[in-house]
Amino acid sequence: MTATILDGKAIAAKVRKEVAERASAFRIRHGRLVGLEVVLVGDDAASVVYTRNKAKACEEAGMRGVLHRMPASSSTQDVLAKVRGLVADASVDGVLVQLPLPKHIDTTAVLDAVAPEKDVDGFHPVNVGRLASGRPCLVSCTPAGCMRLLDETGVSLAGARAVVVGRSTIVGKPMAQLLLARDATVTIAHSKTRDLGDVVREAEIVVAAVGRPALVRGDWIRPGAVVIDVGINRNDDGKLVGDVDFAGAVERASWITPVPGGVGPMTIAMLLANTVQAAEAAVAS
Ligand code: GUN
């Protein structure tokens, strides 16, 4: 079997179009733009690019996207004051603090200062707890994007054996919760799992999010499995590769995401979706 490629770029474009329609309806109905404020502390090159792309994507969807840059020397109190000011502004629907923050800043205190209803990253403990208890909430963008990709395959998740490789707060854990909420039988594996191959071989759904190039070997993939590769790593040749050995896995899977062009484009699309969801919830309450 050769897998069908799950085209994250095309699916993300579809999500962005849906978001743009909701943002336009919001503007007509409520007389203001849906607004996302992005806070970047310091000048880490990758974070500068990511945050610019987030703000630009908002504008492209007919929303307001504002990037607030603060010097790397900012104190925790400076950043808290900034975040609290944005949260208090009724015209702001979403507040996102780009990670990682400089080491001297108390990341937990800053993330906790984002009100749960404006927490479009889904990182606040209230949203994490709501997800775990099966209540409506803002869900971390990357796992939300993975779920959307899985839904595009039409493959039934109920009763399916799913393995999430990776246990991060941002991807692995929420991913497992989302799959569980859809009645999959979920195993969380990670870099220290013994006999990882034996665990992956069982899975009809594989989500790899460990950040290790080609950790998941192609011959571990169960024939017909759906493979979602969250990893973005540079290999020794400087090429972008995922956590899955794509060349091997594509020969066995039914569906597979490429790297780049799979999960990556979905993350910003889901951020926009979360922001418009937060705006709609704010006016409904
Ligand atoms: N840094 C890398 N990924 C993310 C993300 O999804 N959200 C935020 N806030 N920072 C990040």
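Quick note: the coordinates plus some simple rules give every number you see, no bench work behind them. Just so we're clear, the structure is a prediction, and the values are computed from it rather than from any experiment. Cβ sites come from the backbone with ideal geometry, for glycine too, and all protein chains shown count toward neighbours.
Taking neighbour counts of Cβ atoms within 10 Å as a proxy for exposure, in what order, fewest first, do 99, 33 appear?
With the fewest neighbours first, 99, 33 line up as 99, 33.
Report, in listed order, any pair from 17/118; 103/173; 118/192; 56/192; 54/192 with a Cα-Cα distance greater than 31 Å.
118/192; 56/192; 54/192
When the Karplus curve 6.51 cos²θ - 1.76 cosθ + 1.60 is applied with θ = phi - 60°, which whole-Hz ³J(HN,Hα) does each residue of the stretch 48-57 get, with x for Gly and Pro?
The phi angles translate into 4, 5, 4, 5, 4, 5, 5, 5, 5, 4 Hz.
When the label point is put 7 Å from the Cα of residue 43 along its Cα-to-beta-carbon vector, which residues of the stretch 54-86 have a backbone N closer than 15 Å?
69-74
Translational D (Stokes-Einstein, µm²/s) of the chain at 10 °C and 1.306 mPa s when Rh comes from the Kirkwood sum over C-alpha pairs?
Approximately 82 µm²/s, per Stokes-Einstein.
Would you mind telling me which residue in 213, 102, 136 has the biggest mean-square fluctuation in a Gaussian network model of the chain, where springs connect alpha carbons within a distance under 10 angstrom?
Maximum among the listed residues: 136.
At a 10 Å Cβ-Cβ cut-off, how would you order 190, 124, 104, fewest neighbours first?
104, 190, 124
Quick one: which residues, 5+ away or cross-chain, put their amide H under 5 Å from the amide H of residue 41? H built at 1.01 Å from N.
Answer set, sorted by chain and number: 70, 98.
In whole Hz, with x marking every Gly and Pro, tabulate ³J(HN,Hα) for the stretch 184-200 from phi via Karplus 6.51 cos²θ - 1.76 cosθ + 1.60, θ = phi - 60°.
6, 9, 10, 10, 9, 10, 7, 5, 9, 4, 6, 6, 3, x, 5, 5, 5
Can you tally the net charge around residue 48? Count Lys and Arg as +1, Asp and Glu as -1, for every other residue whose Cβ sits under 15 Å from the Cβ of residue 48.
Spelling it out: positives minus negatives among the neighbours equals +2.
So what's the back-of-envelope 222 nm ellipticity for the chain, counting only DSSP H runs of four-plus at -39500 (n - 2.57) apiece and dividing by all residues, rounded to 500?
-13000 deg cm²/dmol, from helical runs alone.
Would you pull out the residues with amide H under 5 Å of residue 185's amide H, same chain only if 5 or more places away, H placed 1.01 Å from N?
Here 159, 160, 161, 162 satisfy the definition.
From the square roots a ≥ b ≥ c of the eigenvalues of the alpha-carbon gyration tensor of the stretch 91-247, which class results: rounded (a/c under 1.5), prolate (a/b over b/c), or oblate?
It is oblate, given that a/c is not under 1.5 and a/b is not larger than b/c.
Along the stretch 220-225, what does the Karplus equation 6.51 cos²θ - 1.76 cosθ + 1.60 (θ = phi - 60°) give for ³J(HN,Hα), rounded to whole Hz, x for Gly and Pro?
Once θ is set to phi - 60°, the couplings for the stretch 220-225 become 7, 6, 5, x, x, 5 Hz.
Based on other C-beta atoms within 10 Å, arrange 63, 175, 70 from fewest to most.
The most exposed by this proxy come first: 70, 63, 175.
Rounded, prolate or oblate: which fits the stretch 1-58 when a ≥ b ≥ c are the square roots of the eigenvalues of the alpha-carbon gyration tensor, with rounded for a/c under 1.5 and prolate only if a/b beats b/c?
Note, shape of the stretch 1-58 comes out oblate.
In nanometres, what is the gap between the two model label sites at residue 202 and residue 84, each 7 Å from Cα along Cα-to-Cβ?
4.9
Name the residues whose placed amide hydrogens come within less than 5 Å of the amide hydrogen of residue 241, ignoring near sequence neighbours (fewer than 5 apart) on the same chain.
The answer is 233, 234, 235.
What aspartates and glutamates could a cross-link reach from residue 14, if we take a straight Cα to Cα line under 18 Å and drop same-chain neighbours fewer than 8 places away?
59, 60, 151, 152
Rounded, prolate or oblate: which fits the stretch 212-271, taking a ≥ b ≥ c as square roots of the Cα gyration tensor eigenvalues, rounded meaning a/c under 1.5, else prolate when a/b beats b/c?
oblate
Only Lys, Arg, Asp and Glu count, each charged at its Cβ (+1, +1, -1, -1), so figure out the dipole size of the stretch 131-220 about its Cα centre, rounded to 20 debye.
360
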